[in-house]
Amino acid sequence: MKRNLWLLMAMGCLLITSEVGSQETRLQRVAAVSHSNRQLNTNGNNGTASFKRVHALAINVAGREMFLGSDIGLLRSRDGGRTWKKVSVPARQPNLEVTAVAPGQKQPGTIYIATRDAGVFASADDGTHWSQVDNGLGGLDVHGLAIDPNDGKLHALVRNKGQEIYRSTDGGNKWSRVAGGPGQEVKFLSSVNIPTGMGGIFLYAGTVGGLQRSPDCF
């Protein structure tokens, strides 16, 4: 296990970056252990959608629905993942690939998804209706999406001749570039509230080379 830790003072912010691990991990199928130790359905049986690659898994604020980002689009389950139904998202691409899912923490029914080559979409009614929210994004190939658990601020990782991080403070209506990517291929972003005594949100990035984090002080 390789660990690197360094401090960088820049623009009035203390940047703490850590790398943990060196082996790339890829989640190819969603699997869960039930009482009978069986993998949850992924092959299209029992009326569920057939998918192979899983990029994201999230549950809505009410705790009643699970959303799965996959190679065939966005899927929803209302029975703990036993069956999955495809959610219609009005994208131009016929084969939408959903790379990240971020439910709103303090806004019931709000959910955001990131896609490969189709940008970011938002829904205010648990996925019934969707709108595209890409104004200001530097590209439509989005591979990470994180929502601040305190105020709903969004961060997105965009791949466009490299990687860049964009931020939105108004639910995705307008985005602005705030930083470059962590330097390695990002698999996910996550905003985490860590009780340090001083408050603050840390932005974590899971990469092919390990785990990195930075205080959200852009």
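The values are calculated or read from the model by the stated rules, or taken from the named source; none is laboratory data. Not measured: the values here are computed from a predicted model. Every residue, glycine as well, gets a Cβ built from its backbone with ideal geometry; the counts of neighbours run over all protein chains shown. Note: accessible area is taken over every heavy atom of the protein model, side chains too, but ligands, DNA and RNA are not part of it. Shrake-Rupley method; radii C 1.70, N 1.55, O 1.52, S 1.80 Å.
Of the residues in the range 125-182, how many are within 17 Å of the chain's Cα centre (by Cα), hydroxyl-bearing (S, T, Y) and open to solvent by 40 Å² or more (accessible area, probe 1.4 Å)?
1
For F121, are the conditions met, namely being hydrophobic (A, V, I, L, M, F, W, C), under 18 Å from H55 (Cα atoms) and either without any contact (Cβ under 8 Å) to a residue 40 or more places away in the chain or out of contact with any strand residue (DSSP E or B) (no Cβ under 8 Å at 6 or more places or on another chain) (or both)? Walk me through how you get there before you give the answer.
Working: hydrophobic (A, V, I, L, M, F, W, C): yes; under 18 Å from H55 (Cα atoms): yes; either without any contact (Cβ under 8 Å) to a residue 40 or more places away in the chain or out of contact with any strand residue (DSSP E or B) (no Cβ under 8 Å at 6 or more places or on another chain) (or both): yes.
Judged against the criteria, F121 is a match.
So in the range 102-113, with the set limited to residues that are β-branched (V, I, T) and at pLDDT below 95, which one is most open to solvent (accessible area, probe 1.4 Å)? Reasoning before the result, please.
Quick first cut of the range 102-113, residues β-branched (V, I, T) only: 110-111, 113.
Within this subset, residues satisfying the condition of being at pLDDT below 95 are 110-111.
Details: T110: 22, I111: 2 Å².
Looking at the filtered set, the residue picked out is T110.
Here are the criteria: (1) open to solvent by 30 Å² or more (accessible area, probe 1.4 Å); (2) more than 19 Å from D71 (Cβ to Cβ); (3) charged (D, E, K, R). Tell me which single one R116 does not satisfy.
If we test R116 against (1) open to solvent by 30 Å² or more (accessible area, probe 1.4 Å); (2) more than 19 Å from D71 (Cβ to Cβ); (3) charged (D, E, K, R), just (2) comes out false.
Name the residues in the range 159-173 that are over 15 Å from T207 (Cβ atoms), touching a strand residue (DSSP E or B) at 6+ places or on another chain (Cβ under 6 Å) and not aromatic (F, W, Y), would you?
Those that are over 15 Å from T207 (Cβ atoms), touching a strand residue (DSSP E or B) at 6+ places or on another chain (Cβ under 6 Å) and not aromatic (F, W, Y): R167, S168, G172.
Kindly provide the set of residues from the range 126-164 that are among the β-branched types (V, I, T) and in contact (Cβ under 8 Å) with a residue 40 or more places away in the chain, ordered by number.
Taking the range 126-164 as the starting set, the residues that turn out to be among the β-branched types (V, I, T) are 128, 133, 142, 147, 158.
Answer for the range 126-164, where residues must be among the β-branched types (V, I, T) and in contact (Cβ under 8 Å) with a residue 40 or more places away in the chain: V133, V142, I147.
Scan the range 187-209 and report the pairs whose first residue is under 15 Å from A156 (Cβ atoms) and whose second residue is at pLDDT below 80 and acidic (D, E), with Cβ atoms within less than 8 Å and a gap of 6+ or a chain change.
S191/D216; L203/D216
State whether one or more residues within the range 71-92 are open to solvent by 40 Å² or more (accessible area, probe 1.4 Å), within 25 Å of N150 (Cα to Cα) and touching a residue at least 24 places away in the same chain (Cβ under 8 Å).
The answer is no, given that none of the residues of the range 71-92 is open to solvent by 40 Å² or more (accessible area, probe 1.4 Å), within 25 Å of N150 (Cα to Cα) and touching a residue at least 24 places away in the same chain (Cβ under 8 Å).
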